[in-house]
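Remarks on the structure that follows.
Each reported figure results from applying straightforward, stated rules to the coordinates on display, with no laboratory input. Computed from a prediction, not measured in an experiment: that's the story for all the values here. Reconstructed Cβ throughout: ideal geometry from the backbone, glycine too, with neighbour counts over all protein chains shown.
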Amino acid sequence: MTILEAALLGLVQGVTEFLPVSSSGHLAIFGAGKLSLMVLLHFGTLLSILVYYRRDVLKVLKGTWNLARAAGGAAFSRREFRAYLQTDPDARLALLIVVGSIPTGIIGLGLKPLAEYAAAPGHVKIVGACFVLTGVLMYFCDRFPLGGKGLGQGTFRDAITVGIFQGLAAMPGLSRSGLTVFAAVERGFERNDAARFSFLMAVPALVAANLLELREGAVNMAPGAAAVGISMAFVAGYAALAGLVSALASQKLRYFTGYLVTLGLLVLLFS
């Protein structure tokens, strides 16, 4: 792969990762659907989350440390543990992310063979159907009543629901950002906090996916091309992330519905 090709794919990845249009789906229909390549480019967009939400990321890291230290220093009863979580919002948020990551991992691993099949050349009709489904969900996301739930009020059920939707987004064409924001808004989160929870939930999933691919040695790209692709994905991803937060707050996600449904139908009809 040339540096120019890597730059173009990084641009596509960055723009489509956070806008609710599915980066993996676009890479698949552009003929670059190898999952290991997608995961490599996801590293660039992971960096954009860490930078954009750096204060929240630091809070989660602090909460994880506090939670581990508290659990190691005392044997909590169920009631005492709930009481402790009410006194440490950072630890509570960290635990919600851990809880939500469990269904994400189970569903994501279970769907991996089907996702690889859909991403391979000749099978993009599956991707087209997933585009249409994402578009429908974005239409209904804007129609939910404005919620008032903050991150500090999230429950285990909220985390599991968002985690399930994040796991389903292993399929190319199902937007991870779109599905998780939809789930968080449906659960009553205020829209800015829905975005925060969605992208904080993405961090462990993206880290795990990158580590898995690196461990399996599946990533095959020249170091120079990889650096360019990751850098382009970071820059474009940061801009797209800011755009999604703005669109979500102003209830304009439905504007993506026409694009997704049209693209999905074109893929279904002509692939």
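Dipole magnitude of the chain about its Cα centre, charges +1 at Lys/Arg Cβ and -1 at Asp/Glu Cβ only, in debye to the nearest 20?
For this selection, approximately 600 debye.
Calculate the spin-label point distance for Val235 paired with Thr87, positioning each point 7 Å from the Cα along the beta-carbon direction, and give it in nanometres.
4.9 nm
Give me the number: length gained by fully extending Leu146 to Ile102, i.e. 0.36 nm times residue separation minus the C-alpha to C-alpha distance, one decimal in nm.
On the way: separation 44, 0.36 × 44 = 15.84 nm, distance 2.79 nm.
Net length gain for the segment: 13.0 nm.
For Cα extents along the principal axes in Å, several values are listed as (1) 58, 42, 32; (2) 105, 38, 27; (3) 73, 49, 29; flag the one computed from this structure.
Checking each listed value against the structure points to (1).
At a 10 Å Cβ-Cβ cut-off, how would you order Ile49, Ile107, fewest neighbours first?
Ordered from fewest to most neighbouring Cβ atoms within 10 Å, Ile49, Ile107 come out as Ile107, Ile49.
What nm distance separates the two modelled labels at Leu212 and Arg54, each placed 7 Å from Cα along Cα→Cβ?
The two pseudo-label positions are separated by 3.0 nm.
What percent do you get for the relative contact order of the chain when only Cα pairs under 8 Å and 6+ apart count?
It comes to 38 percent, rounded to a whole number.
Can you tell me which of Ala118, Ala242, Ala194 moves the most in a GNM of the chain? Springs connect C-alpha atoms under 10 Å apart.
Maximum fluctuation in the GNM of the chain, among the listed residues, is at Ala242.
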